Amino acid sequence: MDLVLDAFHPLPYNHFISNQAAKIIQNWYLCDSFLTTKLVKDNLFVNMANLKKEISIRRTFGIISHPDAGKTTLTEKLLLFGGAIQIAGAVKSNKIKKSATSDFMEIERQRGISVATSVMAFEYRDKKINILDTPGHQDFAEDTYRTLTAVDSVIVVIDVAKGVETQTEKLVKVCRMRNTPIIVFINKLDREGLDGFDLLDELEQKLGLTVTPLSWPIGMGQRFKGVYNNYEQQLNLFRAHGKQTEEETIAFTDLDNPELENHIGEAAAAELREETTMIREVYPEFDREAYLNGELSPVFFGSAINNFGVKELLDCFVEIAPTPLPRITEERQVNPDEDKFSGFVFKIHANMDPKHRDRIAFLRICSGTFERNTNYLHIRNNKKIKFSNPTAFMAAKKSVVDEAFPGDIIGLYDSGNFKIGDTLTEGEQLHFKGIPSFSPEQFRYVDNADPLKSKQLAKGLTQLMDEGVAQLFIKQETGRKIIGTVGALQFDVIQYRLKNEYGASCTYEPVNLHKACWIECDDPAKLKEFLTRRRRDIAKDKDGKLVFMAESSWTLKMAQENFPEVVFHFQSDF
Ligand code: G4P
């Protein structure tokens, strides 16, 4: 008690008053300080309990696929179940059609759509679900990689006819680097496609996943009768055009029950029995722990357009998917239930209105409670900022929020303070890891086409790079700037946006480069020798990190052989 008293209310002048009076005052103070401590503790307790509850109901995930596999359709059906939208067709495809390479209006239109659909939140079975949209166009793959840092799990959509495609391979690789839990949805079962077992083989071989089917198709295309869901132990019978009814989901614990024939016919029943026996023998049983560790992926079959298999996917998802997970910083692991707020920016979106340079920074909340109009520390700038109108996204609607919790994504209006990867905290020096830049695939020299607008060009380029549109490298020998992108489309986007938003013009010149590798070396003398010998190929990235710009795979191989002490990284976050 004394300690509490000392800490909270040291008794003033008590040697001037009578013992009796002192006792009364002391009791009063003791009582008061006890109450204060209790109140603070109670408050903290209530806050912590509230925080824990909010965390426990959140599921933040992304849907990834190769373009056209059905990501948009599946997202829309999930939103329909969540009551976030009322009619099909409300979610616009966030796809840039191939013909759009030179269609800037299309690019602009898409930018508008992707702000609206960047995050779609809805409630389902008392859970708050945040779906993070990932651009389908492969030229924006880097954007998708970054979005994947902000999710806790993913659903991968595969087209039953096409199997595992290239873009899926790349995206799943990024998820596997972080052990992100993955659920697979094989879509378009209303069409003829690959055999179920062949598909599972592809998932294992091309994606490196260990899989366990939680539902199994009964025929496909014209013969598609439905799926047997062994997670719920029920038979879901298929009616085309989304005409399933509740009655067509039949509890079925024992497939040997002769009733099966009455529902799907003799041949299909025999086939289903044989195949499910094989599944039991070949594939591991579902184990939630293994799924949460990214070591086992449940697989579902369905048809998004027909709204078939989607509810079962969602029902299972809300039950097994992880609540907001801890995040790693350079300093330590941050757990969501810590009472202090922290979060990081994973995406920046320029506003549509070119007259206002405002942008929206998308922040993933990692711990504690984010509160409106509260000062938070912007770690990179070492500046306190508060936000008067942080935005939450419920389906396509935006609204100002007073508080947000781990797993939530909020939009912060920004006039140029943020860069991708920036951290906000209540004061602790933290730097969230895992928002890498990957080596671009395409490179071009960028030059100023209007000498009177060089400042505008410099500013425009810096801001577009902060947004993550592309990467900028500065050659150390010549000072020339090189833009690196994942696809050709970004070069057009950059030129167009520089002109429209910054009044600057640029031209490109081809440069023959194979890869950009971030370099590291513990031996300063060796590093110096390498930098001198290869000075023509050395550049710095936007953060001043040293990069080796390899002209070809052969040059890279030679550099690696000649300088074994130098480590060549293919991503910036090592
Ligand atoms: P994406 O976001 O992954 O790129 O794919 P999206 O949902 O846009 O779907 C790509 C095409 O596949 C669309 O047809 C969509 O209607 C169709 N699709 C999605 N799910 C299914 C399914 O379960 N079965 C069948 N048969 N088709 C499906 P589209 O002709 O390109 O566009 P639209 O005119 O239908 O919008």
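The values are calculated or read from the model by the stated rules, or taken from the named source; none is laboratory data. Everything numeric in this text was worked out from a predicted model, so none of it was measured. Neighbour counts are summed over all protein chains in view; Cβ atoms, including those assigned to glycine, are modelled from backbone coordinates with ideal geometry. Note: accessible area is taken over every heavy atom of the protein model, side chains too, but ligands, DNA and RNA are not part of it. Shrake-Rupley method; radii C 1.70, N 1.55, O 1.52, S 1.80 Å.
Given N residues in the stretch 275-346, what is Rg(Cα) / (2.2 N^0.38 Å)? List each step's numbers first, then the result.
Values: Rg = 17.5 Å, N = 72, 2.2 N^0.38 = 11.2 Å.
After normalising by residue count via 2.2 N^0.38 Å, the value is 1.56.
At a 1.4 Å probe radius, carbon and sulfur cover how many percent of the accessible area of the stretch 442-569?
Values: 3090 of 6180 Å².
Exposed carbon and sulfur together represent 50 percent of the surface.
When you count, for each residue, the other Cβ atoms within 10 Å and take the mean per peptide, how do 248-256, 204-212 rank with the highest first?
Details: 248-256: 12.3, 204-212: 16.7.
With the highest mean Cβ count within 10 Å placed first, the list reads 204-212, 248-256.
Would you list the P(r) distribution for the stretch 435-574, with all Cα-Cα distances sorted into 10 Å bins from 0 and each bin expressed as a whole %?
Values per bin, smallest distances first: 12, 42, 31, 13, 2.
Starting from the Cα of LYS52, step 7 Å along the direction of its Cβ; do the same at ARG239; then give the gap between the two resulting points in nm.
It works out to 4.6 nm between the two label points.
So for each of 318-330, 499-511 I average, over its residues, the number of other beta carbons within 10 Å; can you give me the resulting order with the highest mean first? Show your work: numbers first, answer last.
Values: 318-330: 17.8, 499-511: 16.2.
Packing order, densest peptide first, comes out as 318-330, 499-511.
Multiplying the sequence separation of ASP198 and THR374 by 0.36 nm and subtracting their Cα-Cα distance, what value in nm do you get? Walk me through the intermediate numbers first.
Details: separation 176, 0.36 × 176 = 63.36 nm, distance 5.43 nm.
Answer, rounded to one decimal: 57.9 nm.
With the convex hull built on the Cα atoms of the stretch 488-556, state its orientation-averaged projected area in nm².
Working: hull surface 24.7 nm².
Across all orientations, the stretch 488-556 yields a mean hull projection of 6.2 nm².
Just how many % of Cα pairs in the stretch 182-246 lie over 18 Å apart, if you round to the nearest whole percent? Could you put the intermediate results ahead of the total?
Working: 829 of 2080 pairs.
Value for the stretch 182-246: 40 percent of Cα pairs lie more than 18 Å apart.
Using all C-alpha to C-alpha distances in the stretch 456-533, build P(r) with 5 Å bins and read off the rounded percent in each one.
Spelled out bin by bin, the stretch 456-533 gives 3, 12, 22, 21, 15, 10, 8, 5, 3, 0 percent.
Between GLU338 and residues 5 or more places away or on another chain, which pairs have amide H atoms under 5 Å apart, with H built 1.01 Å from N, and which residues are they?
Here GLY368 satisfy the definition.
Mind checking the dipole of the stretch 428-574: about its Cα centre, +1 per Lys or Arg Cβ, -1 per Asp or Glu Cβ, Debye to the nearest 20?
Values: 21 positive and 21 negative charges, 95 e Å.
Rounded to the nearest 20 debye, it is 460 debye.
Based on the Cα atoms of the stretch 327-425, what semi-axes does the equivalent ellipsoid have, where each is the square root of 5 times one gyration tensor eigenvalue, given in whole Å with the largest first? Don't skip to the end; give the middle numbers.
Details: eigenvalues 93, 49, 29 Å².
Gyration-tensor ellipsoid for the stretch 327-425: 22, 16, 12 Å.
So for HIS378, HIS66, HIS514, what's the accessible-area order with a 1.4 Å probe, most first? Kindly include the intermediate steps, with their values, before the conclusion.
Values: HIS378 0, HIS66 30, HIS514 65 Å².
The most accessible residue leads, giving HIS514, HIS66, HIS378.
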